[in-house]
Structure formats: C-alpha cells, structure tokens
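The block underneath contains the structure these notes are about, expressed in structure tokens.
The values are calculated or read from the model by the stated rules, or taken from the named source; none is laboratory data. Quick caveat, the model's predicted, so the values are computed rather than measured. All Cβ positions, even for glycine, are placed from backbone atoms using ideal geometry, and neighbour counts span all protein chains on display.
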Amino acid sequence: METQVPQIENKNKVTRVAAFIYGLVCYVIFFATFLYTIGFVGNLVVPKSIDSEPIIPLGQAILVNVVLLGIFGLQHSGMARQGFKKWWTQIVPKSIERSTYVLFSSLCLITLFYFWQPLGMTVWNLENPLAREILFSLFGVGWLLVLVSTFLINHFDLFGLRQVYLHLQGKEYTPLPFATPALYNYVRHPLYVGFLIAFWAAPTMTIAHLLFAIITTVYILLAIQLEERDLVSIHGQAYADYRRRVPMLIPFGRR
C-alpha cells in the first residue's frame, strides 16, 4: 500500500507534465497559424495567399471557399458553447479542454489555407500611394488590436496556457472574474473590431478577398450574439449592465 502512493503521485505528475507540454504545443501551432493568417489575408510572404493564382472554375472555387469558411465557423462557435463544453469535458480532461479547442481552430484554419481557391478579378485597386499606405497601415493596426485585446483579457487563459500551467502545479482552475480593462470600456468586442479592420483594409480588393471579408463579417456578428448569451448566463446582471452601457463594435455608437 505504501509503495502504491508514490506510484500514483508519479503517475499524476507525469500526466500533469504531459498536459502542460500538450498545451504548449497547441499554443505554438496557434501562434504559427496566427502569423500565417496575417500573411494569407495580406498577401505577404506566405507561399499561398488569399489572392494566389486561380486554378479551378469560378463557381466551383466559390463553393469550396464557402464550405471551408463554414467548417471553421461551425467548429469555432460550436466548440465554444457551454453545452458542448459540458459534454466534451466528459471525454477530454478539463485542464486541456481550452488547448484542444485552440488546436482544432488552428487545424481548421490550416485546412482553409491549404484548400482555399483564389478567384481572380479585382473589385477595387487604389493607385494613390498615400491611400495604399493608409489602408496597409490600417491592416497592421487591425492585427495589432487583435493581439492587444487578447492580452487585456488574459492572453494565456484565452489560449489554454493558464489552464495547463495551473494543472501542472496541482492547482484547481479558477475562471477569470468579469472585467472591462482599457479598450473594453469603449467597445465590448475590440478583438472583433481588430479582425474587421484587418479583413476590410485592403488597398487591392479581389473577389476572393471580398467573399472572405463578407462571410467572416457575417460570422462575427452572429458569433457575438452566441458569445454574449453565454456571457450573460455566466456573469449575470454584471454583463447585462455592461451590454447596455457599452457599444458592441463602434465606439460612441448606439448601445
């Protein structure tokens, strides 16, 4: 009996270390995917971007892209719902639930990048150098806003690292308290504002980019409704009051 206790403790320690390594790997995959997304949308550096050369007929390409975006949207919103999490954590340990969500989201994006079908054709192309510089700067500001927003609400909790770190230390995970730091006092979803800026600030807008921007904008607007429903159920009156007080996406706009 005495020898079993150290064995159990050693097994638990190995399990905690394995979960922590798993969380780190998921985070590295996410961050690499995040960087690739910037290059993909902005046609920067990456081998295949949103506006690479078309290779299949237009109608077929549009269908493929809509399906790819739909798969990502279903995964990203479906796995984030409280009902799914309750069922999912009966299969996946709670300590790695968030890391697994991050991993699946990254894999869906990687699949989208690999199978994305450029469409050709230009909607607009700004030739004025100053106008191009302004829009490209806005593109960068959008991505910076996304990253800053994650750190304001705890970047490491959002992407699962805090969960596996606490588990490594043998501590129980405690959800973050409701807070509205900095940018969150002006809009409820600065992270989504950053995405919208990054997706629409294009000096050259192609049909493929426009399709991407429209579908992701619709998805963001729908995802906010689902997300806020969960936030009200979790934080109650505090979030309901916050929602009445602070605009959703446009600072100083209508509540």
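If Leu130 meets every condition in (1) under 18 Å from Val41 (Cα atoms); (2) not in a strand (DSSP E or B) apart from one, which number is that one?
The number of the failed condition is (1).
Using beta carbons and a limit of 7 Å, which pairs, at least six apart or on different chains, have the first residue in the range 159-174 and outside any loop (DSSP other than H, G, I, E, B) and the second one among the charged types (D, E, K, R)?
Listed pairs, sorted by first residue: Gln163/Arg98; His167/Arg16; Leu168/Arg16.
Of the residues Glu97, Glu127, Glu133, which is charged (D, E, K, R), modelled with pLDDT of 95 or more and surrounded by fewer than 16 Cβ atoms within 10 Å (Cβ to Cβ)?
Glu133
Among the residues of the range 48-62, is there at least one that is in contact with a His (Cβ under 9 Å, 6 or more places away or on another chain), surrounded by 14 or more Cβ atoms within 10 Å (Cβ to Cβ) and closer than 22 Å to Trp116 by Cα?
yes
Collect the residues in the range 100-124 that are of a type in the set (Val, Ile, Thr) and either modelled with pLDDT under 95 or touching a strand residue (DSSP E or B) at 6+ places or on another chain (Cβ under 6 Å) (or both), keeping them in residue-number order.
At the first step, the residues of the range 100-124 found to be of a type in the set (Val, Ile, Thr) are 100, 102, 110-111, 122-123.
Listed by number, the residues that qualify are Thr122, Val123.
Return the only residue of Leu119, Leu68 being aliphatic (A, V, I, L, M) and in a helix (DSSP H, G or I).
Working: Leu119 fails: in a helix (DSSP H, G or I).
Among Leu119, Leu68, only Leu68 is aliphatic (A, V, I, L, M) and in a helix (DSSP H, G or I).
Can you name every residue in the range 230-255 that is out of contact with any Lys or Arg (no Cβ under 8 Å at 6 or more places or on another chain), part of a helix (DSSP H, G or I), loosely packed, with under 15 Cβ neighbours inside 10 Å and not aliphatic (A, V, I, L, M)?
Result: Ser233, Gln237, Asp241.
Can you spot a residue in the range 206-229 that is at positive phi and not in a helix (DSSP H, G or I)? Walk me through how you get there before you give the answer.
Step one: filter the range 206-229 for residues at positive phi, giving none.
There is no residue in the range 206-229 that is at positive phi and not in a helix (DSSP H, G or I).
What number of residues in the range 122-172 are within 15 Å of Arg98 (Cα to Cα) and of a type in the set (S, T, N, Q)?
Residues meeting the conditions: 3.
Counting just the residues of the range 227-252 that are of a type outside the set (Val, Ile, Thr) and in contact with a helix residue (DSSP H, G or I) (Cβ under 6 Å, 6 or more places away or on another chain), which one comes out farthest from Lys85 (Cα to Cα)? Give the steps one after another, and end with the answer.
Step one: list which residues in the range 227-252 are of a type outside the set (Val, Ile, Thr), which gives 227-231, 233, 235-245, 247-249, 251-252.
Of the ones still in play, those that are also in contact with a helix residue (DSSP H, G or I) (Cβ under 6 Å, 6 or more places away or on another chain) are 230-231, 239-240, 249.
Details: Asp230: 12, Leu231: 14, Tyr239: 21, Ala240: 23, Leu249: 27 Å.
It comes out as Leu249.
Given (1) free of Cβ contacts under 8 Å to residues at least 24 places away in the same chain; (2) touching a strand residue (DSSP E or B) at 6+ places or on another chain (Cβ under 7 Å), identify the lone condition not met by Gln237.
With respect to (1) free of Cβ contacts under 8 Å to residues at least 24 places away in the same chain; (2) touching a strand residue (DSSP E or B) at 6+ places or on another chain (Cβ under 7 Å), Gln237 is out only on (2).
Being crowded, with 18+ Cβ neighbours inside 10 Å and under 18 Å from the mean Cα position of the chain (by Cα) is the filter here; which residues of the range 204-218 pass it?
Phe212, Ala213, Ile215, Thr216
Can you tell me which residue is nearest to the chain's Cα centre (by Cα) among those in the range 176-202 that are surrounded by fewer than 20 Cβ atoms within 10 Å (Cβ to Cβ), assigned to a loop (DSSP other than H, G, I, E, B) and touching a residue at least 24 places away in the same chain (Cβ under 8 Å)?
Within the range 176-202, the match that is nearest to the chain's Cα centre (by Cα) is Val187.
If I ask for residues that are within 16 Å of Tyr239 (Cα to Cα) and touching a Lys or Arg at 6+ places or on another chain (Cβ under 8 Å), which ones from the range 182-223 would you list?
Arg188
Which of the residues that make up the range 124-151 are aliphatic (A, V, I, L, M) and under 24 Å from Tyr36 (Cβ atoms)? Can you show your working first?
Our first condition is that a residue be aliphatic (A, V, I, L, M); within the range 124-151, this holds for 126, 130-131, 134-135, 138, 141, 144-148.
Residues satisfying the conditions are Leu135, Leu138, Val141, Leu144, Leu145, Val146, Leu147, Val148.
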